[in-house]
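The values are calculated or read from the model by the stated rules, or taken from the named source; none is laboratory data. As the structure is a prediction and not an experimental result, all values here were calculated from the model. Please note: Cβ atoms are built from the backbone with ideal geometry, for glycine as well, and neighbour counts cover all protein chains shown.
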Amino acid sequence: MMFSKTKRLQIITSPYCNNNCVFCIDNRLRGKLSLAVLTRDAAGTLKKMRGQMDRVLFTAGEPTLNKKLLELIVLAKKLSYKEIGLISNGRLLADKKFCQKLLSAGLNEISVSIHGDNEKIHEKMTRTRNSFKETSMGIKNLDFFKKKYHFNFFVNFTVTRLNFKNVSTFIRFISRFKVNGIIFNMVIPKGRALANFNEVMPFYSVVSREFKKIFKVLGAKNFSISVLGLPFCLMSGFENFAGNFEKIVTKNPGLKKNLAIKSVFPWGRKIKSLKCKKCAYTEICDGIWFSYIKRRGWKEFKPVNYYG
Ligand code: SF4
């Protein structure tokens, strides 16, 4: 049987979230999808897609709010999915027993979203009291269980205008835990991030300068660091940190058919300029968000030639 090495089945597990992030692109799920339909559909999709994929990710909005998550993980394990992953804001993982149940059910990859090394910065982003305390407790619990269970443990940091100056301190903060990697995601100018564009959307070039400064002096780490969403023309000197462009594809035929999922995700598109055609990276670069270019133009993005 042939499996796609680059694609992973993404299961939308909950339409709700217990945070209220200023940059959220999943907020459109609220009220559009029913938890019961999602759960039923998720189980069906897991079975249906097993023949084509052996990696699954439970995600969007906050999957741990679905009381059937554990059962879905057990089902994925029973179906012999090799990678069973979860993206979570980590707040409910502050409950050590719950955390352990997920891991012993078969979860073997967890990405926790945390957007600052302290309450003030993180909660400016989540706009939810106690979220830092609970998420960091979740991270501590996962750190604890690293001794007992075999799983990959990542943290996701969404880079916005409100927190990009915190990146360096954040790396130091996370170094205390047994993580496999930190993933820095440039905020996507869609959903709430588009509504709050000036507040949350940094200039790509300014963020690029910040990362360059940090990476120049960054010592060896025993975990990976990736930056997603910065175009290659702004990553010169730190191309090694460019994250893989893994295709996480929602393969959920039931949802698509029943709930017109396409209309739930009008995330817009990325575009390239005429000059991009001359760029060494044009084949692998997927361009810049249209909503960004519309407001800020192309002046930050200069084609890279083959000879540096
Ligand atoms: S193709 Fe365009 S946006 Fe992409 S790296 Fe090159 S210049 Fe930048």
_I'd like to verify a number: residues in segment 62-84 that are surrounded by fewer than 24 Cβ atoms within 10 Å (Cβ to Cβ) and not in a helix (DSSP H, G or I), how many?_
9
_Condition met for Val155 (out of contact with any Asp or Glu (no Cβ under 8 Å at 6 or more places or on another chain) and modelled with pLDDT of 95 or more)_ = yes
*asked:* Conditions first: (1) within 30 Å of Glu199 (Cα to Cα); (2) of a type outside the set (Phe, Trp, Tyr); (3) in contact with a His (Cβ under 9 Å, 6 or more places away or on another chain). Asn108 passes all but one, so which condition is the exception?
replied: (1)
_Scope segment 140-157; condition of a type outside the set (S, T, N, Q), in contact (Cβ under 8 Å) with a residue 40 or more places away in the chain and touching a strand residue (DSSP E or B) at 6+ places or on another chain (Cβ under 8 Å); matching residues_ = Leu142, Phe151, Phe153, Phe154, Val155, Phe157
*asked:* Taking the condition of being under 18 Å from the mean Cα position of the chain (by Cα) and touching a residue at least 60 places away in the same chain (Cβ under 8 Å), how many residues in segment 123-139 meet it?
replied: 3
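Could you list, in sequence order, all residues of segment 174-191 that are touching a helix residue (DSSP H, G or I) at 6+ places or on another chain (Cβ under 9 Å) and assigned to a strand (DSSP E or B)?
Ile182, Phe184, Met186
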*Looking at (1) buried (at least 21 other Cβ atoms within 10 Å of the Cβ); (2) closer than 30 Å to Lys78 by Cβ; (3) touching a Leu at 6+ places or on another chain (Cβ under 9 Å), find the lone condition where Ala105 falls short.*
(1)
_Show the residue pairs meeting these rules: Cβ distance below 6 Å; 6+ apart or different chains; first residue within segment 231-250 and β-branched (Val, Ile, Thr); second residue surrounded by 15 or more Cβ atoms within 10 Å (Cβ to Cβ) and modelled with pLDDT of 85 or more._
Ile248/Arg8; Ile248/Gln10; Thr250/Gln10
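Which of the residues spanning segment 110-122 are within 18 Å of the chain's Cα centre (by Cα) and either part of a loop (DSSP other than H, G, I, E, B) or not β-branched (Val, Ile, Thr) (or both)? Can you show your working first?
Going residue by residue through segment 110-122, those that are within 18 Å of the chain's Cα centre (by Cα) are 110-117, 122.
The answer is Ser111, Ser113, Ile114, His115, Gly116, Asp117, His122.
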*asked:* Please determine whether any residue of segment 153-161 is part of a helix (DSSP H, G or I) and either under 22 Å from Leu86 (Cα atoms) or not assigned by TED's automatic domain parsing to the domain that holds Ser291 (or both).
replied: no
*asked:* Residues to consider are Leu230, Leu194; find the one that is assigned to a loop (DSSP other than H, G, I, E, B), in contact with a helix residue (DSSP H, G or I) (Cβ under 9 Å, 6 or more places away or on another chain), within 23 Å of Ile25 (Cβ to Cβ) and not assigned by TED's automatic domain parsing to the domain that holds Tyr292.
replied: Leu230
*Starting from segment 296-308, keep only residues that are in the same structural domain as Cys279 (by TED's automatic domain parsing) and modelled with pLDDT of 90 or more, then list their pairs with residues that are more than 6 Å from the ligand (Cβ to nearest atom) and part of a loop (DSSP other than H, G, I, E, B) whose Cβ atoms are within a distance under 6 Å, requiring at least 6 positions of separation or different chains.*
Trp298/Ser273; Val304/Ala280
